[in-house]
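What follows is one structure encoded as structure tokens, with my remarks underneath.
Laboratory data are not the source of any read-out in this text; all were calculated from the coordinates shown. The model shown is predicted, which means the values in this text are computed figures rather than measured ones. Cβ placement follows ideal geometry from the backbone for every residue including glycine, while neighbour counts extend to all protein chains displayed.
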Amino acid sequence: RDMLMAATCDSGLARTLRGVSRVLDAEVRLVVRGRELLSLMADFQCPEILVLLLDDELLDGAGRALLPALHRIRPDLKILFVASPEAEVEARREGAYVFLPKPIEEEVLRLVLDRALAHERALRRSVP
């Protein structure tokens with residue numbers, strides 16, 4: 001199964017993501033703090049994680065502040081950034097793969113995740 005990481009303290013988004021992940025037959029690992037996310041990624045680099053859904057709203061601060069550190073740890077990681085529309089320019093400048101404005105419709109989230117996962121699977125198959 002494909003593995004997704006999600007960093008959000010938004011219970012509605014987490015619930016939607018779990019539903020979408022079942023449809024996509026993907027496993028979701030959920031964290032609510034940026035410190036926890038950075039620790040997991042830095043300690044283990046989590047090569048099994050294909051896509052990260054990063055919410056700007058975390059219990060310990062703004063998710064957008066984590067983008068540079070996440071790219072240093074895993075430059076290849078596809079980061080789907082979720083926030084209010086005002087955060088889009090900064091998120092794109094910091095390297096978000098896709099920006100998703102809140103609130104996210106379930107079908108849009110499913111479509112974006114499905115494309116990101118398919119892209120990552122294709123890349124992994126092409127690397128010997």
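Compute the FRET efficiency between C9 and V108 as 1/(1 + (r/R0)^6), taking r as their Cβ-Cβ distance and R0 = 22 Å, and round to the nearest 0.05.
For R0 = 22 Å, the calculated efficiency reads 0.60.
Against the 2.2 N^0.38 Å scaling, with N counting residues, where does the stretch 56-128 land? I'd like the Cα-based Rg ratio to two decimal places. Could you put the intermediate results ahead of the total?
Values: Rg = 13.3 Å, N = 73, 2.2 N^0.38 = 11.2 Å.
Normalised Cα radius of gyration, the stretch 56-128: 1.18.
How many nm is it between the label spots at D76 and L123, if each spot is 7 Å from the Cα in line with the beta carbon?
Output for this residue pair reads 0.7 nm.
Using label points projected 7 Å from each Cα along Cα→Cβ, tell me how many nm separate R1 and A62, to one decimal.
So the two model labels end up 3.5 nm from each other.
What number in nm² do you get for the chain if you take the convex hull of its Cα atoms and divide its surface by four? Don't skip to the end; give the middle numbers.
On the way: hull surface 28.8 nm².
Over all viewing directions, the chain projects a mean Cα-hull area of 7.2 nm².
Can you say what percent of the DSSP beta bridges in the chain, counting only those with both residues inside, are antiparallel? Round to 5. Write down the numbers at each step before the final one.
Details: 2 of 22 bridges.
So the antiparallel bridges amount to about 10 percent of the total.
Label-point separation (nm) for R115 and D25, each offset 7 Å from Cα along Cα-to-Cβ?
Between R115 and D25, the simple spin-label model gives 2.2 nm.
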